[in-house]
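Below: one structure, written as structure tokens.
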Amino acid sequence: MATWLSALAFTRRNLTNFFLSRFALVGVLMVPMVLLIALGTLYSRAVDATGISYMDFLVPGICMQAAMFAAIASAWTLAADRVSGFHRAALIFAGAPQTIVSGRILTDLCKYGMALIVIVAVGVVLGFRIHCGALEAILALVLLMAFAAVCSLAYVAVGCRIRSLRLVEGVTMAPFPVLFLLSTAISPLENYPSWLQPLIHATPVSVVSEAVRGLLEAKSSSLLPALLWLAGASAVFGVLALRGLRTFREVS
């Protein structure tokens with residue numbers, strides 16, 4: 001019980017800092033909305049002409065992008081807190097490093113929840129519609145939140161193990177364009193060259209986004225590939241994060 005109370009205390013502290021940071025607010029809440037409006041405005045007519053509602057296709061992809069944006073500050077914050085000595089001081093009261101990590105992941109999920117509300121609200125205004133029942137919609141939300149948690153865990157693992165703030169910034173920003181652009185987040189698979197389609201189809205962003213689209217459009221599709229990706233990534237990044245926790249008590 002005390003561990004969870006400590007984690008909630010860290011979450012409150014992290015959210016307070018989040019709301020006080022204009023840069024963080026813009027990155028988590030405004031960037032996905034701007035991308036949604038820009039891409040929807042530019043490509044809706046062209047894609048709609050092919051028989052696909054582009055806004056129905058785009059919103060799940062932007063939700064995936066928002067998960068990465070919501071979690072990316074985790075590595076920066078963890079690295080900065082370690083350099084400043086906050087971790088060493090906080091652990092005197094919190095006891096276990098896991099509380100800091102739990103608080104960080106809970107913070108990212110709260111931020112992502114706010115981003116989802118903004119994205120869906122703007123998407124509905126632009127024409128996005130949900131074509132499934134309540135159960136499928138809930139499952140889609142669970143998948144998105146699970147993906148956000150995995151993203152958070154990945155960036156937490158980076159922040160736990162890398163000491164240099166500049167290196168952390170470079171490492172966390174580098175995978176984003178690759179994972180996002182080499183996927184079906186914003187463009188259907190058929191728009192990619194045939195030789196590249198197998199790779200695009202197998203990337204984690206594509207797998208999870210297609211599973212979410214299948215649920216929201218009430219189409220029969222297997223959730224197994226998405227669940228396998230999420231479980232595998234959780235195991236890998238979980239181990240890395242746990243090994244990095246020991247650095248919290250080391251002198252910076």
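Points worth noting:
- Additional length obtainable on full extension of the chain from ALA202 to HIS131, 0.36 nm per residue less Cα span: 23.0 nm
- Over 24 Å [Cα-Cα, the chain], rounded percent: 48
- Ordering GLU210, GLU217, GLU190 by the number of other Cβ atoms within 10 Å of each residue's own Cβ, fewest first, gives GLU190, GLU217, GLU210.
- If the chain linking LEU224 and ASN191 were pulled fully straight, counting 0.36 nm for each residue of separation and taking away their Cα-Cα distance, it would gain 9.4 nm.
- Estimated translational diffusion coefficient (Stokes-Einstein, Kirkwood radius over Cα pairs, 37 °C, 0.692 mPa s) of the stretch 172-216: 305 µm² per second.
- Note on ILE117/VAL34: beta-carbon distance plugged into 1/(1 + (r/R0)^6) with R0 of 25 Å gives a FRET efficiency of 0.95.
- Computed over Cα pairs, the Kirkwood radius of the stretch 65-215 leads via Stokes-Einstein (0.692 mPa s, 37 °C) to a diffusion coefficient of 192 µm² per second.
- Extension reserve of the LEU240-VAL83 stretch, reckoned as 0.36 nm per residue once the Cα distance is removed: 54.6 nm
- For the chain, the longest principal axis of the Cα atoms and the long axis of helix 224-244 meet at an angle of about 20 degrees.
- Inter-probe distance in nm under a simple model that places probes 7 Å from Cα toward Cβ, at ALA231 and CYS110: 3.1
- Over the Cα atoms of the stretch 175-247, the radius of gyration divided by the Kirkwood radius equals 1.07; this is the Rg/Rh ratio.
- Using just its DSSP H runs of length 4 or more, each adding -39500 (n - 2.57), the chain gives a mean residue ellipticity at 222 nm of -25500 deg cm²/dmol after division by all residues.
- A simple packing score, the average count of other Cβ atoms within 10 Å per residue, orders the peptides 191-202, 60-71, 140-151 as 60-71, 140-151, 191-202, with the highest score first.
Every number here is computed from the coordinates shown, using simple stated rules; none is lab data. Please read these numbers as outputs of a predicted model, since none were measured by experiment. Every residue, glycine among them, receives a Cβ derived from its backbone with ideal geometry; neighbour counts consider all protein chains shown.
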